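The values are calculated or read from the model by the stated rules, or taken from the named source; none is laboratory data. What you see is a predicted model; the values in this text were computed from it and never measured. A quick note on method: Cβ atoms are made from the backbone with ideal geometry, for glycine too, and the neighbour counts reach across all protein chains shown. Just the protein is used for accessible areas: all its heavy atoms, side chains included, with ligands, DNA and RNA removed. Shrake-Rupley method; radii C 1.70, N 1.55, O 1.52, S 1.80 Å.
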Amino acid sequence: MTPETNNKSHSVPQHIAIIMDGNGRWAKARGLDRTEGHRQGAETVKTIVKASAKAGVRYLTLFAFSTENWKRPQYEVDAIMNLLVFMLERETPELNRNNVKLLTIGDTSQLDKKAKESLKNSIETTANNTGLHLVIALNYGSRSEILLAVKKLADDVANRKANLDTINEINFTKYLYTHNIPDPDLLIRTSGEQRISNFLLWQLAYTELYFTSCTWPDFSEEEFSKAITTFASRERRFGLTGEQIEKNNDKPI
Ligand code: FPP
């Protein structure tokens, strides 16, 4: 959302991005293997996708696997990938029934064959849906996204497809994974950590941040509503003064 479109405080964010953190700690606290935390976390994904569609959210972006997550023990990486495939196969008919369109951001070419096939199938199956856009960040890292964008731009400039004098903040975004996706209005991070961890660094410039100590497997529809209520109480100024925002709010939309 741009400053120009923020003339009213929107109570429901158009785009929510979530760093789903705390699966490992949730499992450890129960004497379970970390992978059990991811399994329960995948059920939370289902709950929050439904809650988002119900609340009228247009885009939900979930940080499921970072470029750094490959360094985790191999059995845990395999478990997350298997879970992704399992969830895609189990839930795609339900996504379709609920008019949810699946998208990904990140370098999915590096995922294993089975994960790539399942993603391709789910993306194709849901391609014509017009409801909630569910964006899964997989093998995603924001610095590498920006670097890739700069390389593509340099290539276009070298091939005279782009002109450095006309590149601006709007047309640069077409080089990012998130082109055609509006910037998040609200970022939620669960489990108490208060950092961005290389997630959507460009796109979060004016995003409201919400941190909760609740772990991702315990994050419920009620916790999600609390985040939306908090968002609704914030005044987004985009660098303007409070008085300027007030004045804009008095104008008809
Ligand atoms: C962070 O918790 C979670 C992950 C790195 C993986 C998230 C994956 C899922 C929720 C399951 C599959 C996803 C989909 C979209 C079906 P952590 O392991 O870093 O927790 P910790 O900080 O407590 O160790």
For the stretch 106-123, name all the residues that are open to solvent by 60 Å² or more (accessible area, probe 1.4 Å), touching a residue at least 24 places away in the same chain (Cβ under 8 Å) and either within 11 Å of the ligand (Cβ to nearest atom) or not in a loop (DSSP other than H, G, I, E, B) (or both).
-> 110, 114, 121
Look through 10, 15 and report the one residue that is modelled with pLDDT under 95, away from the ligand (no atom under 11 Å from the Cβ) and closer than 29 Å to residue 233 by Cβ.
-> 10
Could you look through the stretch 29-88, keep only residues that are in contact with a strand residue (DSSP E or B) (Cβ under 9 Å, 6 or more places away or on another chain) and open to solvent by 60 Å² or more (accessible area, probe 1.4 Å), and pick out the one that is farthest from residue 145 (Cα to Cα)?
-> 58
Selected residue [in contact with a Lys or Arg (Cβ under 8 Å, 6 or more places away or on another chain), assigned to a strand (DSSP E or B) and buried (at least 16 other Cβ atoms within 10 Å of the Cβ)] from 134, 103 | 134
Give the residue, chosen from 132, 84, that is among the aliphatic types (A, V, I, L, M) and under 21 Å from residue 58 (Cα atoms).
-> 132
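Here is a check on your reading of the model: is residue 127 assigned to a loop (DSSP other than H, G, I, E, B) and in contact with a strand residue (DSSP E or B) (Cβ under 9 Å, 6 or more places away or on another chain)? Don't jump to the end; show me each part of the working.
Values: assigned to a loop (DSSP other than H, G, I, E, B): yes; in contact with a strand residue (DSSP E or B) (Cβ under 9 Å, 6 or more places away or on another chain): yes.
Yes: the conditions hold for residue 127.
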